[in-house]
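Student: First, the structure itself, so that you have it in front of you.
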Amino acid sequence: MNLRRTTIVLFALSIVSSPLINHKAHGQERDEIKQELKELKQMMEKMQERIDDLEERNHVLEQQAKDEAETIEVEEETDLTVIEPPSEEGQTFLGKALNTLNPEISVTGIFAGAWYSQDDPFVFAEIDPQNTGVNVQEIELGFQANVDPYFRFDSFFPITEEGIEIEEAYGTTLFSLPLNSQFRVGKMRAKFGRINQIHRHSQNFVTLPLPAAQFLGEHLNPTSIEANFLVPVPWYMELSASGGSPEVETPTFARDEDANDLGRLLYIFHIANFFELSESLGVSLGGSFATGSNGTAPGARSNLYGIDLFAKYRPLRNNPYQEIMLQSEFMYLDAETPEENLENWGWYGQLVYRFAKRWNSGFRFGIIDTNTPVEEEKEGLLVEPAGTFSLLRDEEGEEEGMLGLLGRTYRISPMLTFNPSEFSRMRLEYDYLNQSFGPNQHAIFLQFQYAIGAHGAHRY
Amino acid sequence: MKIYTNIRFLTLVFAFASISIFSEGRDASAEVKIVTSIPDFAAIAKEIGGDKVVVESLAKGYQDPHFVDAKPIFITRLNQADLLVYNGLDLEIGWLPILITGARNSDIAAPAALGHYNASTSIKNVLEIPTAPVDRSIGDVHPGGNPHYMLDPRNGIPVARGIAARLIRMDPENASYYEENFKNFASTLRLKISEWETELKPFKGTKVVTYHKMWIYFTKWAGLTEAGYIEPKPGIPPSPSHVANLIKSMEKLQVKLIIAANFYPEKTASLVAEKTGAAFLSLPVLVEGRDGINTYTELFDAIVGEVTSALKDKTGSVKDSVYRHKE
């Protein structure tokens, strides 16, 4: 019994202990295997990584090749309906902000070498060359940009020998308004005729046409509110009306010093028509009317009427750089003064022929005349003799211009222009001036123009 | 007092008459009015929009698109437009901005408006974007890159898609119609592109001289190499000394073809061609650039056809041209 029990116990013990014994006997070998397995596993993991890496690279290369070969296919597969709202295409927020912050800036310089046949020559406009010699006609700074989705702001500041001025600074509405109307508010070249809306560097001659200089001054640019309407007719028709400050640098209009009356502000109306007679021939025809105080007496008004015509022939096929432009304006001034109504009128017509890409030539005739000539006193001073009117438009005794005319004046001006590029210009012009009350005058000009900065769009 | 009342009455009548005319004008037809700057876009828009749209191009196909007159009548057209499609990259800078301002139409005025589509924003590979600061002493270079991207026919597809996407958003009722038309347009054009590429393949690497720096999209796609320009600098007419140098270098490089857009003067280019024995092609570069070219594919049929046949003539045979090129 004891032996049996002892045997069983021993057996049991052996059984129980056997794994321990075994373990002790084979422990070292198992560890080695485990280690190897671990290493193998690590190796395999590394290999897998490399395979993945290679596969990835291969995939990228394949994709690149595919992209290169099949750009068009990829383009076409894109679903039209999931295309991004196109409004922001290519415009980052920063880009937009920069555009808003940086207006288009331009600087234009006009210089003229001039020769006059006499001392103290007759000069009709502010920035016509003043004397024999080399003259700065104008240096114009321009800043233009859209303000926001609703307004655009354009401003131009000419710098002359006399200082800096505001030629134009106005906002334009960009949004749709009832009756296809548009508003401009600020100081601007008024829509009176044609040449008044064209900056000097875009004009075709060195000097300003006589009627424009006489009746509008260098430019008629009141500070005003202008409304204009696009009339729904088959051709282009625009009506515009503006009302504003009579403080303009022209002898025709002036502030009525004592008036507290909206009726004595300066009001300007314009109708513009454009007819496209063929793809090569376009004709603009316009009418203008301006009314306001002239400052000679309380309530004394000036009424200025204008007709403008512009025609351009430019064959679009084959000969792209030849064009012929005809431009003409007629103005009639009816001015009340305490004693008498002054009746002055003026006309100019000019023909410009562009015969090569960079060359054009032109001829202009301008005349101003009056039914009520004023008389010239001795010593060249204009005074106010009985029955006639010579109205000095100055406060400090300096002669600036006068409402009336001494008599008939006409001027003939041929010119030749070379434009090396769109941004520079050289112009040769001869002016012959004939006045019924004074000596004739000859003048020769050689003008240079340069434009840097933003490339503005050209008016028609 | 009576006069005053009359004036007031007349003003009211006029105002109401105008309002009724205007509102009629806007609602008379449900068609989408599309105005494009150049006829390429008009042709594509016609194919996408079909009878659901009215399309008009401001510039003519035989006209230099850099120098278009900003005719006031264009203001009227833009005033009535629902969608304006233009090239961008300053191609129209001399005439379009003033028209947009005058149009008083907020549907097309702002760059963010749905009706304002600057097609260059859809072009992925704009070429010749200046890397150095731009200065006009190098000529009239466009700071945003070369604007003549429509001379690579592959660019017709993203532009067509852009137009289709706009039309779908403006006129969702006909969305599937526009989508279908776009798909047809794109697959037809793709087919034609591979045909043209096959035609052009034998002439890969052939050197050509161009008039204005406007052919880079075409030559790059066609595999031609630009070896010189008739214009010394973009926008500057050729001077005698430049022409003399060009003739010398063309002889040295054995240039066999001169290409120019058909709105440029032909005199200098044909003189150079005569002196060097090269062929001179005055090619249409826009749809309607010549009678009979009314679609975008017809434009490239003409360009590719003339270029390949001129090269075949000048180089004798295809094999010969490859041989000469290797030489």
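Student: Those residues that are in contact with a strand residue (DSSP E or B) (Cβ under 9 Å, 6 or more places away or on another chain) and surrounded by 22 or more Cβ atoms within 10 Å (Cβ to Cβ), I need them from the range B:58-78; list them, please.
Tutor: Within the range B:58-78, B:L58, B:A59, B:P72, B:F74, B:I75, B:T76, B:L78 qualify.
Student: Filtering the range B:142-157 down to residues that are crowded, with 20+ Cβ neighbours inside 10 Å and part of a helix (DSSP H, G or I), which residue is nearest to the other protein chains (Cβ to nearest Cβ)?
Tutor: B:I157
Student: Another one. Take B:T308 and tell me if it is under 15 Å from B:P153 (Cβ atoms), modelled with pLDDT of 90 or more and assigned to a helix (DSSP H, G or I).
Tutor: It is true that B:T308 is under 15 Å from B:P153 (Cβ atoms), modelled with pLDDT of 90 or more and assigned to a helix (DSSP H, G or I).
Student: Mind telling me which of the residues A:P232, A:P209 ends up being closer than 30 Å to B:P111 by Cα and touching a helix residue (DSSP H, G or I) at 6+ places or on another chain (Cβ under 7 Å)?
Tutor: So the residue among A:P232, A:P209 that is closer than 30 Å to B:P111 by Cα and touching a helix residue (DSSP H, G or I) at 6+ places or on another chain (Cβ under 7 Å) is A:P232.
Student: Could you tell me how many of the residues in the range A:169-208 are within 14 Å of chain B (Cβ to nearest Cβ) and of a type outside the set (K, R)?
Tutor: Residues meeting the conditions: 19.
Student: Determine which member of the set A:F151, A:F183, A:F192, A:F124 is open to solvent by 10 Å² or more (accessible area, probe 1.4 Å) and touching a helix residue (DSSP H, G or I) at 6+ places or on another chain (Cβ under 7 Å).
Tutor: Being open to solvent by 10 Å² or more (accessible area, probe 1.4 Å) and touching a helix residue (DSSP H, G or I) at 6+ places or on another chain (Cβ under 7 Å) holds for just one of A:F151, A:F183, A:F192, A:F124, which is A:F124.
Student: Quick one: is A:Q118 loosely packed, with under 15 Cβ neighbours inside 10 Å, touching a Pro at 6+ places or on another chain (Cβ under 8 Å), at pLDDT below 95 and not β-branched (V, I, T)?
Tutor: For A:Q118, the condition - loosely packed, with under 15 Cβ neighbours inside 10 Å, touching a Pro at 6+ places or on another chain (Cβ under 8 Å), at pLDDT below 95 and not β-branched (V, I, T) - is met.
Student: Say whether the condition of being on the phi < 0 side of the Ramachandran plot, part of a helix (DSSP H, G or I), crowded, with 22+ Cβ neighbours inside 10 Å and more than 10 Å from chain A (Cβ to nearest Cβ) is met by at least one residue in the range B:131-141. Steps first, please.
Tutor: Within the range B:131-141, the subset on the phi < 0 side of the Ramachandran plot is B:131-138, B:140-141.
The next check asks that each one be part of a helix (DSSP H, G or I); those that pass are B:136-138.
Next, from what is left, pick out any that are crowded, with 22+ Cβ neighbours inside 10 Å: none.
Looking for residues that are on the phi < 0 side of the Ramachandran plot, part of a helix (DSSP H, G or I), crowded, with 22+ Cβ neighbours inside 10 Å and more than 10 Å from chain A (Cβ to nearest Cβ), one finds none in the range B:131-141, hence no.
Student: Right, A:A241: among the aliphatic types (A, V, I, L, M), buried (at least 23 other Cβ atoms within 10 Å of the Cβ) and in contact (Cβ under 8 Å) with a residue 12 or more places away in the chain or not?
Tutor: Spelling it out, it is not the case that A:A241 is among the aliphatic types (A, V, I, L, M), buried (at least 23 other Cβ atoms within 10 Å of the Cβ) and in contact (Cβ under 8 Å) with a residue 12 or more places away in the chain.
Student: Would you check if A:I195 is among the aliphatic types (A, V, I, L, M) and at pLDDT 95 or above?
Tutor: Answer is yes for this residue.
Student: Consider B:A110 carefully, then state whether it is among the small types (G, A, S), within 10 Å of chain A (Cβ to nearest Cβ), without any contact (Cβ under 8 Å) to a residue 60 or more places away in the chain and open to solvent by less than 40 Å² (accessible area, probe 1.4 Å). Before you say what the answer is, go through the steps one by one.
Tutor: On the way: among the small types (G, A, S): yes; within 10 Å of chain A (Cβ to nearest Cβ): yes; without any contact (Cβ under 8 Å) to a residue 60 or more places away in the chain: yes; open to solvent by less than 40 Å² (accessible area, probe 1.4 Å): yes.
So B:A110 fits the description; yes.
Student: Check the range B:120-129 and report whether any residue there is facing chain A (nearest Cβ under 10 Å), in a loop (DSSP other than H, G, I, E, B), touching a Lys or Arg at 6+ places or on another chain (Cβ under 8 Å) and not β-branched (V, I, T).
Tutor: no
Student: So, one more: Filter the range A:295-317 for residues that are open to solvent by 20 Å² or more (accessible area, probe 1.4 Å) and of a type in the set (S, T, N, Q); which is farthest from the other protein chains (Cβ to nearest Cβ)?
Tutor: Only one residue tops the list, namely A:T296.
Student: Another one. Which of the residues that make up the range A:269-294 are open to solvent by 20 Å² or more (accessible area, probe 1.4 Å), within 14 Å of chain B (Cβ to nearest Cβ) and out of contact with any Ser or Thr (no Cβ under 7 Å at 6 or more places or on another chain)?
Tutor: Within the range A:269-294, A:I271, A:F275, A:E276, A:L277, A:S278, A:E279, A:S280, A:L281, A:V283, A:L285 meet the criteria.
Student: Mind checking which residues of the range A:244-286 are basic (K, R) and without any contact (Cβ under 8 Å) to a residue 40 or more places away in the chain? Give the steps one after another, and end with the answer.
Tutor: We begin by selecting, within the range A:244-286, every residue basic (K, R); these are A:255, A:264.
Once the filter is applied, which keeps residues that are basic (K, R) and without any contact (Cβ under 8 Å) to a residue 40 or more places away in the chain, the range A:244-286 yields only A:R264.
Student: Further, regarding this structure: Please specify each residue of the range B:222-233 satisfying the condition of being closer than 15 Å to B:L151 by Cβ and either touching a Gly at 6+ places or on another chain (Cβ under 9 Å) or open to solvent by less than 20 Å² (accessible area, probe 1.4 Å) (or both).
Tutor: B:A222, B:G223, B:L224
Student: Please enumerate the residues belonging to the range B:81-101 that are more than 7 Å from chain A (Cβ to nearest Cβ), outside any loop (DSSP other than H, G, I, E, B) and either in contact with a Cys (Cβ under 7 Å, 6 or more places away or on another chain) or open to solvent by 10 Å² or more (accessible area, probe 1.4 Å) (or both).
Tutor: B:Y86, B:I100
Student: Kindly establish whether A:N303 is more than 23 Å from A:F192 (Cβ to Cβ), at pLDDT 95 or above and touching a strand residue (DSSP E or B) at 6+ places or on another chain (Cβ under 7 Å).
Tutor: On the way: more than 23 Å from A:F192 (Cβ to Cβ): no; at pLDDT 95 or above: yes; touching a strand residue (DSSP E or B) at 6+ places or on another chain (Cβ under 7 Å): yes.
When the stated conditions are applied, A:N303 does not pass them.
Student: Could you list, in sequence order, the residues of the range A:425-460 that are within 14 Å of chain B (Cβ to nearest Cβ) and either outside any strand (DSSP E or B) or open to solvent by 70 Å² or more (accessible area, probe 1.4 Å) (or both)?
Tutor: A:Y450, A:I452, A:A454, A:H455, A:G456, A:A457, A:H458, A:R459, A:Y460
Student: Does the range B:247-256 contain at least one residue that is open to solvent by less than 10 Å² (accessible area, probe 1.4 Å), in contact with a His (Cβ under 8 Å, 6 or more places away or on another chain) and part of a loop (DSSP other than H, G, I, E, B)? If you could, list the steps in order and put the result at the bottom.
Tutor: Filtering the range B:247-256 for residues open to solvent by less than 10 Å² (accessible area, probe 1.4 Å) gives B:250, B:255.
Of the ones still in play, those that are also in contact with a His (Cβ under 8 Å, 6 or more places away or on another chain) are none.
There is no residue in the range B:247-256 that is open to solvent by less than 10 Å² (accessible area, probe 1.4 Å), in contact with a His (Cβ under 8 Å, 6 or more places away or on another chain) and part of a loop (DSSP other than H, G, I, E, B).
Student: While we're here: State whether the residues of the range B:158-165 include one that is facing another protein chain (nearest Cβ under 10 Å) and open to solvent by 70 Å² or more (accessible area, probe 1.4 Å).
Tutor: No, the range B:158-165 contains no residue that is facing another protein chain (nearest Cβ under 10 Å) and open to solvent by 70 Å² or more (accessible area, probe 1.4 Å).
Student: While we're on this one: How many of the residues making up the range B:263-296 are open to solvent by less than 30 Å² (accessible area, probe 1.4 Å) and touching a residue at least 24 places away in the same chain (Cβ under 8 Å)?
Tutor: Within the range B:263-296, residues that are open to solvent by less than 30 Å² (accessible area, probe 1.4 Å) and touching a residue at least 24 places away in the same chain (Cβ under 8 Å) number 16.
Student: Hey, another quick one. What's the total number of residues in the range B:55-75 that are facing chain A (nearest Cβ under 7 Å), under 21 Å from B:N294 (Cα atoms) and either part of a helix (DSSP H, G or I) or over 15 Å from the mean Cα position of the chain (by Cα) (or both)?
Tutor: Residues meeting the conditions: 0.
Student: Something else now. Inside the range B:266-281, can you point out the residues that are farther than 16 Å from B:K314 by Cα and touching a strand residue (DSSP E or B) at 6+ places or on another chain (Cβ under 7 Å)? Steps first, answer last, please.
Tutor: Step one: filter the range B:266-281 for residues farther than 16 Å from B:K314 by Cα, giving B:266-269, B:271.
Hits for the range B:266-281 are B:E266, B:A269.
Student: If you don't mind, there's one more thing I want to ask. Look at B:I44 and say whether it is open to solvent by less than 10 Å² (accessible area, probe 1.4 Å), assigned to a helix (DSSP H, G or I), within 13 Å of chain A (Cβ to nearest Cβ) and modelled with pLDDT of 95 or more.
Tutor: no
Student: Please enumerate the residues belonging to the range A:253-268 that are modelled with pLDDT under 95 and either under 25 Å from the mean Cα position of the chain (by Cα) or open to solvent by 20 Å² or more (accessible area, probe 1.4 Å) (or both).
Tutor: A:R255, A:E257, A:D258, A:A259, A:N260, A:D261, A:L262, A:G263, A:R264, A:L265
Student: Please return the ranges of strands (runs of 3 or more DSSP E) entirely within the range A:140-252 where 1 or more residues are farther than 29 Å from A:G282 by Cβ and more than 14 Å from the chain's Cα centre (by Cα). Break it down into steps so the answer makes sense when it comes.
Tutor: Working: elements: A:151-160, A:168-173, A:181-187, A:223-230, A:236-244.
Fully inside the range A:140-252 and qualifying: A:151-160, A:181-187, A:223-230, A:236-244.
The values are calculated or read from the model by the stated rules, or taken from the named source; none is laboratory data. Source: prediction; values computed, not measured. Cβ: placed from backbone, ideal geometry, glycine included. Neighbour counts: every protein chain shown. What goes into the accessible areas is simple: the full protein's heavy atoms, side chains included, and nothing from ligands, DNA or RNA. Shrake-Rupley method; radii C 1.70, N 1.55, O 1.52, S 1.80 Å.
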